[in-house]
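What follows is a set of notes on a single structure, which appears directly below.
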């Protein structure tokens, strides 16, 4: 297993460079401002490009995308079938693939199975369909406990599942990104796709909530 | 590496703080940091696996006490220092050393959407047939590399069932160390909670992890 024996060589070197943090101001706003000035002076970043990325994640990409996928699956059984068999292809039909969401799997919640998504090792999250992850998703309490005590975690989100429901936790340890297809709530029979999409919450697509008819 | 980032199964980190109507960013500097990560220049050959490794090398006390985008700041700074793209003095002062030539190859603003839409494809052709089949019992090997890996500690030595096969994907263990993509078959393996956490765990619930072929052995 050569590939597992390699180089810690550069790990020690990288770790050494982290020692600079003891010599820098504690306020991240000051440090980040200084870094942007430095990179701009060196031609390593264009501030207008930073603006463009911020705009991308503030207004172009977010959980409204995922909500459209879910609502379409609720009203279009052919699409739902394609979504569950090849999510990458089906989400591609809606032009909603992209970085941190090029290899997609959709997990269907049913009365018997409840799916929950986590990244225990870092913060992997399906960006093109859900936008940037919330702070709690990236935080130690959620990352540590989702895989050992999912029922306890769900309770903290106000969701208590009956004992007969199987919880399946998906730890995003590779570049596959998971989107939960929540159950369509009762009382929404007369709604169209757009009205349904408005009901779908980000939390329900991570698996820490259900969708309610409001 | 057996670092503090490998959090699955730990206790003691407190309650989950679920913020209602959470904003995308909590301060302007977080947005600037995200923009620098996505739009800034990185050393040649740099990749997301290396980015994750630089983050997991943040000293544990800082990893646990500093916020998410501060991790990004620390990781970018360490990357710039290690590659020689910036010096400690430059990071501290926020200004380029006198006489430094300005580069002109930074990402332009009109390339961001294209980068978002086309970036991050990790699937690769693998010529060898998959070693494991869906439904097969496999054991996550008990490996403890000091470099980067994506097999979490809580599954090592545990037996699960292959649930999905994703084809070939870039192997983070080599890619993070700039030693090539070395793609392997990637599988989702499902473990029972009892296998992972013992007889007091739920008999019904399960946890899955995405594991590369060399992380697994037949069981």
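Structural remarks
- Of all residues in segment A:56-93, those being closer than 16 Å to residue A:191 by Cα and in a helix (DSSP H, G or I) number 10.
- From the list B:3, B:8, the lone residue that is more than 7 Å from chain A (Cβ to nearest Cβ), surrounded by 17 or more Cβ atoms within 10 Å (Cβ to Cβ), part of a loop (DSSP other than H, G, I, E, B) and within 17 Å of the chain's Cα centre (by Cα) is B:3.
- Residue that is facing chain A (nearest Cβ under 7 Å) and crowded, with 19+ Cβ neighbours inside 10 Å, where the choices are B:147, B:160, B:94, B:119: B:147
- Residue list for segment B:122-144, filter: crowded, with 17+ Cβ neighbours inside 10 Å and at the interface with another protein chain (Cβ under 7 Å from one of its Cβ atoms): B:122, B:123
- Residues in segment A:85-108 that are out of contact with any helix residue (DSSP H, G or I) (no Cβ under 8 Å at 6 or more places or on another chain) and either within 8 Å of another protein chain (Cβ to nearest Cβ) or surrounded by fewer than 21 Cβ atoms within 10 Å (Cβ to Cβ) (or both): A:85, A:86, A:88, A:92, A:95.
- Just one of (1) surrounded by 16 or more Cβ atoms within 10 Å (Cβ to Cβ); (2) in a helix (DSSP H, G or I); (3) within 11 Å of chain B (Cβ to nearest Cβ) fails for residue A:124. It is (2).
- Any hit, segment B:173-182, residues being over 25 Å from residue B:148 (Cα atoms), in a helix (DSSP H, G or I) and not assigned by TED's automatic domain parsing to the domain that holds residue B:48: no
- Only one of the numbered conditions (1) within 30 Å of residue A:43 (Cβ to Cβ); (2) in a loop (DSSP other than H, G, I, E, B) is violated by residue B:125, and that is (1).
- Contact annotation: residue pairs with Cβ atoms under 8 Å, 6 or more positions apart or on different chains, pairing a residue in segment A:180-206 that is in a helix (DSSP H, G or I) with a partner that is at pLDDT below 95, are A:199/A:213; A:199/A:214.
- Test: residue in segment B:68-80 that is outside any loop (DSSP other than H, G, I, E, B), closer than 26 Å to residue A:122 by Cβ and touching a strand residue (DSSP E or B) at 6+ places or on another chain (Cβ under 9 Å): no
- Residues that are facing another protein chain (nearest Cβ under 7 Å), surrounded by fewer than 17 Cβ atoms within 10 Å (Cβ to Cβ) and in contact with a helix residue (DSSP H, G or I) (Cβ under 9 Å, 6 or more places away or on another chain), drawn from segment B:97-107: B:100, B:102, B:103
- Residue check, residue A:212 surrounded by fewer than 22 Cβ atoms within 10 Å (Cβ to Cβ), touching a helix residue (DSSP H, G or I) at 6+ places or on another chain (Cβ under 8 Å), free of Cβ contacts under 8 Å to residues at least 40 places away in the same chain and not assigned by TED's automatic domain parsing to the domain that holds residue A:85: yes
- If you go through segment B:12-30 and keep only what is more than 7 Å from chain A (Cβ to nearest Cβ) and touching a helix residue (DSSP H, G or I) at 6+ places or on another chain (Cβ under 7 Å), you end up with B:25, B:30.
- Single unsatisfied condition, residue B:64 versus (1) in contact (Cβ under 8 Å) with a residue 60 or more places away in the chain; (2) more than 14 Å from residue A:138 (Cβ to Cβ): (2)
- Considering the conditions (1) over 17 Å from the mean Cα position of the chain (by Cα); (2) modelled with pLDDT under 95, residue A:110 is excluded by exactly one of them, (2).
- Matching residues in segment A:158-172 - criterion: being in contact (Cβ under 8 Å) with a residue 60 or more places away in the chain and either buried (at least 24 other Cβ atoms within 10 Å of the Cβ) or within 13 Å of residue A:206 (Cβ to Cβ) (or both): A:170
- Residue selected from segment B:163-187 under the condition at the interface with chain A (Cβ under 7 Å from one of its Cβ atoms), out of contact with any helix residue (DSSP H, G or I) (no Cβ under 7 Å at 6 or more places or on another chain) and buried (at least 22 other Cβ atoms within 10 Å of the Cβ), by the criterion farthest from residue A:102 (Cα to Cα): B:186
The values are calculated or read from the model by the stated rules, or taken from the named source; none is laboratory data. Quick caveat, the model's predicted, so the values are computed rather than measured. So basically every Cβ, Gly included, is an ideal-geometry build from the backbone, and we count neighbours across all protein chains shown.
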